[in-house]
Every structure is written in structure tokens, then in C-alpha cells.
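Presented below is the structure to which this report refers.
The values are calculated or read from the model by the stated rules, or taken from the named source; none is laboratory data. Nothing here was measured: the structure is a model prediction, and the numbers come from that model. With ideal geometry, Cβ positions are generated from the backbone for all residues, glycine too; neighbour counts draw on all protein chains shown. Heavy atoms of the whole protein, side chains included, go into the accessibility calculation; ligands, DNA and RNA do not. Shrake-Rupley method; radii C 1.70, N 1.55, O 1.52, S 1.80 Å.
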Amino acid sequence: MREEDMGLGDLAKQWAKSKATEMLSSDSQKAASASADADATEREAKDQAGEQLVRTAFPGLAKWKDKQEESQRQAEEDRLQRLRDEIAALPVAQVQMRVTGWAEDAWFGPMHLRWEVVTPDGPDPEYTDPDPYAYRPYLSVELHPQTGNAVSLGSHRLASWRFQVPGYTGDGSYDLLAISREREAAGAALAYDEAYLELDEDTDYFYCYTDSGPWSVTVSEGGRRVAVSMVLTSSIGDMTMTADITREHGS
């Protein structure tokens, strides 16, 4: 029987057979092929009868889809809960921040802090990285609000704020704008997720760019205090963020 002549019943049987092969085959290529066949059969049936009728006509399809969607939903909820637990376990720092531009506000209080000095692996003998900071230590800082203690910036709530200090050697002042321009001039592909601010709402992230304005970090008191100033840009506006972060001893 030609595929174009198949009715819903025939397509349902073909789909079920392909799904069984996908689930039971120990041959990864055969399983992948069967999965593709099942998807193609499902699309063919939807073209003929539409989504709702297909779910009714295909034995097991509705249950399969519902189970798959529930598994995906549960996996995402588990991931988010692990993230919440991880953030809640982070040490606390005292933070004073002020924002001007797109939002105008000042805030003071405790926030969860992730502070990590990372030493990258050495050069790859088969690849020369043009980034002059590729193999130098860098400081990675993340700030997250505490549960029940929202960080308000104007009428907006902060979800997280992250930045990195390439070439970190301890106490001192770091002109991150100059460093970024040096890396860019050397042909390095800058990762803009090295410095960004996320709001707890459905808006674009705010990032630092080499043409957006001053961007610096000063570390003092043996890494206990950090002063930050940066211009952050998004499609919805620009803001200047300044902050003083005081770490707890041992955090």
C-alpha cells in the first residue's frame, strides 16, 4: 500500500511499530531511524486528520505524548529546584548597589554570592587561541537575591548579576573595558555572558559591550571588598550599575 493511500488505522499501526522498534532496539542507528519514521508517520496523520483526531485514533499516542510532556516538565522542575537549592547554599555578602538610566534606584542588603577564581587548562598544542587571557586565571562572580528578600531596581526585580575579571591576580583595579578591547583586537571571540544582568521578568538580558561605556572592578582587603561599575545595554535600554560588595570572611 502506498503511503499516500494509507488511512489513519494503517498509519497508527505503522507509528506503533516504529515506536516499538525505537524503544526496544539496542542498535542506536536503528532506534534513531525508527524514531524518525514515527515522527514522519505522525506528521502524515496530522496532515490528514489534524492533531486532536490523531491523538484519538492512534492507540498509545496520547498516552505517549502526555507521558513525554510530563517527563519533560518534571525534569525541568527538578533542574530548577536543584538550582534553587544550590543558590540557597551559597554564602552571603552585603551589597550596596545603585542603578541609573533605564531604571533609577538604590538598594542595600544581603545577597547570595558565588566567588570563584578559575585557572584554565594550559594551551592546546593543536590550537593557538588568539585570546591573550585564554590561559590566565579569572575571577567569576555571581550575585543572587535571597528567597523572600527581593532586590528591586525601580519597578523591576533583579534575578541575577554576573561578571568575570580576566587576568585576575588578586587585589587591584581592573579596567574590564580595556581588557575586552584588547581581547577583541587580538581576534578573540568575546563571550558576552561573561558580564550580564538578568531581571525576574520576560525581558532581554543586559550585557556589557566594548562600545557601551566604562566597565571596571576594584578588589581590595585581600579579596574581601569589591567595587564594580559598568554600563549594561539591552534592546529595552541602557543602565549604569555601581555596587560595593563585602564578602563574609571565608566565603
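When you scan region 113-135, how many residues do you find that are among the hydroxyl-bearing types (S, T, Y) and not in a loop (DSSP other than H, G, I, E, B)?
Within region 113-135, residues that are among the hydroxyl-bearing types (S, T, Y) and not in a loop (DSSP other than H, G, I, E, B) number 1.
Mind listing whichever residues of region 230-251 are in a strand (DSSP E or B), open to solvent by less than 40 Å² (accessible area, probe 1.4 Å) and among the hydroxyl-bearing types (S, T, Y)?
T233, S234, T246
Determine, yes or no, whether Y168 is more than 17 Å from M97 (Cβ to Cβ) and open to solvent by 40 Å² or more (accessible area, probe 1.4 Å). Even if it seems obvious, please write down each step before you answer.
Details: more than 17 Å from M97 (Cβ to Cβ): yes; open to solvent by 40 Å² or more (accessible area, probe 1.4 Å): no.
No: the conditions fail for Y168.
Going by the conditions given, is T218 open to solvent by 30 Å² or more (accessible area, probe 1.4 Å) and farther than 14 Å from V99 by Cα?
The answer is yes for T218.
So which pairs qualify, if the first residue must be in region 227-249 and farther than 20 Å from H112 by Cβ and in contact (Cβ under 8 Å) with a residue 12 or more places away in the chain, the second must be hydrophobic (A, V, I, L, M, F, W, C) and open to solvent by 30 Å² or more (accessible area, probe 1.4 Å), the Cβ gap must be under 7 Å, and the two must be at least 6 apart or on different chains?
Qualifying pairs under 7 Å: I236/W102; G237/W102; D238/W102; M239/W102.
Can you tell which of P132, P125, P120 is at pLDDT below 90 and over 30 Å from D85 (Cα atoms)?
P125
Please go through region 136-165 and pick out each residue that is in a loop (DSSP other than H, G, I, E, B), touching a helix residue (DSSP H, G or I) at 6+ places or on another chain (Cβ under 8 Å) and open to solvent by less than 50 Å² (accessible area, probe 1.4 Å).
none
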